[in-house]
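J.: Just passing along the structure, written as structure tokens.
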Amino acid sequence: MRPLLIAALVLPLVAGCGSVLREDADYFQAGADVGRFETDNQNCAIAADNYVTYDLKGMSGTGYAQNRAYNSVYARCMTGRGYAPRPYARNWLNGA
């Protein structure tokens with residue numbers, strides 16, 4: 001019974017950590033061409049960083065809000081290029 005209680009208290013905290021960290025290539029499934037995936041990853045990271053750094057909407061807010069904005073732009077860019085996000089549980093279990 002005690003492990004279930006601890007899990008119930010800790011799980012919401014762990015689930016919220018996804019917005020605190022910036023996403024990277026580990027959050028998406030690479031296709032067959034690794035070179036293209038790396039190039040797309042770098043381009044999407046630059047686009048997301050530019051949004052947070054130079055766009056007035058992205059600059060405002062706390063670090064938490066800026067990371068959410070970065071993750072949103074990065075994820076939209078990667079999915080727009082045809083990459084599927086890895087399941088959340090797989091990211092969490094792999095330590096990514």
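J.: Across segment 29-51, which residue is farthest from residue 80 (Cα to Cα) among those that are at pLDDT 90 or above and polar (S, T, N, Q)?
T.: The selected residue is 50.
J.: A further question on this structure: Please go through segment 52-82 and pick out each residue that is modelled with pLDDT of 90 or more, over 13 Å from the mean Cα position of the chain (by Cα) and surrounded by 13 or more Cβ atoms within 10 Å (Cβ to Cβ).
T.: Residue satisfying the conditions is 81 alone.
J.: Could you list, in sequence order, the residues of segment 49-74 that are in contact (Cβ under 8 Å) with a residue 24 or more places away in the chain and among the hydrophobic types (A, V, I, L, M, F, W, C)?
T.: The one that is in contact (Cβ under 8 Å) with a residue 24 or more places away in the chain and among the hydrophobic types (A, V, I, L, M, F, W, C): 73.
J.: Limited to segment 52-84, what total is found for residues that are touching a Lys or Arg at 6+ places or on another chain (Cβ under 8 Å) and hydroxyl-bearing (Ser, Thr, Tyr)?
T.: Matching residues across segment 52-84 total 2.
J.: With the requirement that a residue be closer than 10 Å to residue 78 by Cβ, hydrophobic (A, V, I, L, M, F, W, C) and in a helix (DSSP H, G or I), what does segment 19-46 give you?
T.: Matches in segment 19-46: 25, 37, 44, 45.
The values are calculated or read from the model by the stated rules, or taken from the named source; none is laboratory data. Keep in mind it's a predicted model, so treat the numbers as computed, not measured. Glycine gets a Cβ as well: all are built from the backbone with ideal geometry, and neighbour counts include every protein chain shown.
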